[in-house]
Amino acid sequence: MTTLLESYAAGHWFRASDEGEPLLDATTGEEVARISARGLDYAAMVNHARSVGGPAVRALTFHQRAKLIKTLAQYLNEHKPELYDLSVRTGATTRDTAVDVDGGIGTLFSFASKGVRELPNDTIAFDGNLETLGKHGTFVGQHVYTSRPGVTVQINAFNFPVWGMLEKLAPAFLAGLPSIVKPGSQTAYLTERTVRLIIASGILPEGAVQLVSGSAGSLLDELGVHDSVAFTGSAHTAGILRRHPNVLDGGVHLGVEADSLNCSVLGPDVQSGDPEFDLFVKGVVTEMTVKAGQKCTAIRRVIVPAAVASSVSDALAARLATITVGDPRDPDVRMGALASLGQRDEVRKAVEALRSEAELVFGDPSRSMGDARGAFLSPLLLRARPGAVQPHDVEPFGPVSTVLTYDTLDEAVTLAARGKGSLVGSVVTHDGAVARHLVLGLAPWHGRILVLDRDDAKESTGHGSPLPMLVHGGPGRAGGGEELGGVRGVLGHMQRTAIQASPDQLTAITGRWTPGARRLAPSEHPFRYSLAQLQVGHSITTEGRTVTLDDIEHFAEFTGDHFYAHTDAEAAARNPLFGGIVAHGYLVVSLAAGLFVDPAPGPVLANFGVDGLRFLTPVKVGDTISVQLTVKQITPRNSADYGEVRWDAVVTNQDGSPVATYDVLTLVAKS
Ligand code: NDP
């Protein structure tokens, strides 16, 4: 008797009230587990996420959430062997499992790092700059992101049981949302095992992750405004979800990543024997065979110049002939099985449809390979007849690609566009003009485009790898959703709100000092204060300093910057902006530092840069400058005994006109 997969619901592992449906080993046909969600209380899960998970996650700052994600990544890394052992039952080779398991863990690491580096140690994030709304500076606007008090339901496809979950979980958790994960049933035993590890680790707060093993049942009926569904799978299921009343009228946000007939285009500049020719062929074969082609990003359409179509087909066929298909436990095997016999039937049906308009160049869809109980299929390459329609409509979710030909670049773009929107396209060319023409033509139809040539090939991550820092998703048929993309993927889960208020109120609300807000006069120079003592708004105004011709000449001599506007009176007089000698901008910034710095050793440890430096008014000989320096933002670093302090710096001249504005970034000891 095999195990019945359980759901993790409202703080407990739940076992269904029936025996469930069998899930079979993709290679041997043996039963791996059974699955059922009968009796699962979906309403209780949603309530648990909203009342327990959400508040616990939202109580943490972005940095604290990022730290937990990193700890979780380290924990899963230590438990990889058991995931690898189970993954083989999905038909995956070791290379396939690396994409799923290591790829998923890598995504957690990447989001953990982005969360600390690119988001504040706070629960609120800023979008864009301050907008001045009134003439006198008492009414300003700022867009901010806050966490939604809801839950995100993640419905995943069977093909990436680990990565599919983790790539959605990481940005949602960073955004302060609890997740309910619903994996594709066929391979749900691997997701269940991963969720068991996550729950047993105790790293994430209770309620942050729940699992549905089995049907999604009435889950969507329980959702409302502030809840979201992130779906990956077939266009058919996406259509059902799009028509759900809570999506149509209930305010539930639905993100879709569905069928995608991705293409790879070979540039007309590339001839057999060029490095790009080999790169193209290798890329197509890799995408056909990794995960036995069961990848949403795999290349389905191979678009090549008519003149080289035969040599491309021959080269692809020759390379495909070297691919060994069979038991993924055998280290010599390059391609394992499809996830199930049912999936293989689906692929065979799709190939039949394609063959009405295309010749088979390589492989035999009816040939049985390896263990007869396993879902093995040989890679299949087709070559479309002119005017073929099916390759732009039918998605064979397996090791199948179709070669299509073009005569002009515009024709190549038209063919690519007939996919009606894809997740990813690649362009293989060493000609910059060809690259621009194709990329600009393809971009409106794609979420990501790889431009491959001899220069980036070595470091290229390939056509089919979604990367945590780049957007994954595509327009039109690909679903229109967007996932990953670094911090974009986090902010996409949050609510953006435009706040209109006085500078003082905005400072109080955001915790960041807003220009125009009250300044606090510290009793000592703020450089004497530790992070614990500094307050947002602490401010000093320095003495004045008169800039002399001697200063400017000295700076020119000392730095070697002899630009005429600082050194040649006659030429400078003809400059329409200056009308005479002006101080170097960097001299002004350097003098400003000389004015505001408190030099003695103290809690200020380092200056690590400036942001947004602008020179607004030229400084002429005899002008007197002074600086107003104000603590704008204080960001303690969780794992260090110092934090970051952002200072608002305004340099003004004797008339009070701003000469330069910028943020000074320093590291300050916590105590
Ligand atoms: P499905 O669309 O059938 O299933 C995807 C997910 O949706 C699964 O978790 C499934 O659960 C769930 N689901 C199915 N029906 C409903 C429903 N009515 N309400 C809520 N959830 C539902 O895709 P598959 O994973 O089975 O793959 C089938 C085909 O989809 C593939 O052959 C391929 O063509 C395409 N596909 C495309 C991908 C892409 O991104 N381009 C990725 C993966 C698949 P359950 O498994 O329990 O039915």
**Request:** Return only the number of the condition from (1) more than 20 Å from His12 (Cα to Cα); (2) more than 8 Å from the ligand (Cβ to nearest atom); (3) in a helix (DSSP H, G or I) that Ala200 does not satisfy.
**Result:** (1)
**Asked** Residues Gly602, Gly643, Gly609: which one is outside any helix (DSSP H, G or I), modelled with pLDDT under 95 and touching a strand residue (DSSP E or B) at 6+ places or on another chain (Cβ under 6 Å)?
**Response** Gly643
**Request:** Examine the range 116-130 for a residue that is of a type in the set (Asp, Glu), within 16 Å of the ligand (Cβ to nearest atom) and assigned to a helix (DSSP H, G or I), and state whether such a residue exists.
**Result:** no
**Prompt:** Limited to the range 306-329, what total is found for residues that are in contact (Cβ under 8 Å) with a residue 60 or more places away in the chain and either of a type in the set (A, V, I, L, M, F, W, C) or under 25 Å from Glu395 (Cβ atoms) (or both)?
**Reply:** 8
**Message:** Which pairs turn up if I take residues in the range 66-90 that are free of Cβ contacts under 8 Å to residues at least 60 places away in the same chain and look for partners that are buried (at least 17 other Cβ atoms within 10 Å of the Cβ) and of a type in the set (Asp, Glu) with beta carbon separation below 8 Å, at least 6 apart in sequence or on another chain?
**Reply:** Lys80/Asp102
**Asked** Is there a residue being crowded, with 17+ Cβ neighbours inside 10 Å, in contact (Cβ under 8 Å) with a residue 40 or more places away in the chain, in contact with a strand residue (DSSP E or B) (Cβ under 8 Å, 6 or more places away or on another chain) and closer than 25 Å to Thr107 by Cα anywhere in the range 494-506?
**Response** yes
**Fill in**
The number of residues in the range 121-138 that are out of contact with any helix residue (DSSP H, G or I) (no Cβ under 9 Å at 6 or more places or on another chain) and among the hydrophobic types (A, V, I, L, M, F, W, C) is 1
**Message:** Against the definition (part of a loop (DSSP other than H, G, I, E, B), assigned by TED's automatic domain parsing to the domain that holds Ser113 and either touching a strand residue (DSSP E or B) at 6+ places or on another chain (Cβ under 7 Å) or within 11 Å of the ligand (Cβ to nearest atom) (or both)), how does Ala172 come out, yes or no?
**Reply:** no
**Fill in**
Among the residues of the range 300-325, the number that are surrounded by 19 or more Cβ atoms within 10 Å (Cβ to Cβ) and part of a loop (DSSP other than H, G, I, E, B) is 1
**Item:** Residue check, Phe280 modelled with pLDDT of 95 or more, within 20 Å of Gly164 (Cα to Cα) and of a type in the set (Phe, Trp, Tyr)
**Value:** no
**Fill in**
Turns out the strands (runs of 3 or more DSSP E) fully within the range 326-421 with at least 1 residues that are among the β-branched types (Val, Ile, Thr), under 22 Å from Val285 (Cα atoms) and in contact with a strand residue (DSSP E or B) (Cβ under 9 Å, 6 or more places away or on another chain) are 358-362, 400-406
**Message:** Show me the strands (runs of 3 or more DSSP E) found entirely inside the range 217-267 where at least 3 residues are closer than 20 Å to Gly447 by Cα and more than 12 Å from the ligand (Cβ to nearest atom).
**Reply:** 263-266
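The values are calculated or read from the model by the stated rules, or taken from the named source; none is laboratory data. In this text, all values refer to a predicted model and were calculated from it rather than measured experimentally. Counting neighbours? That spans all protein chains shown, and the Cβs are built from the backbone with ideal geometry, glycine included.
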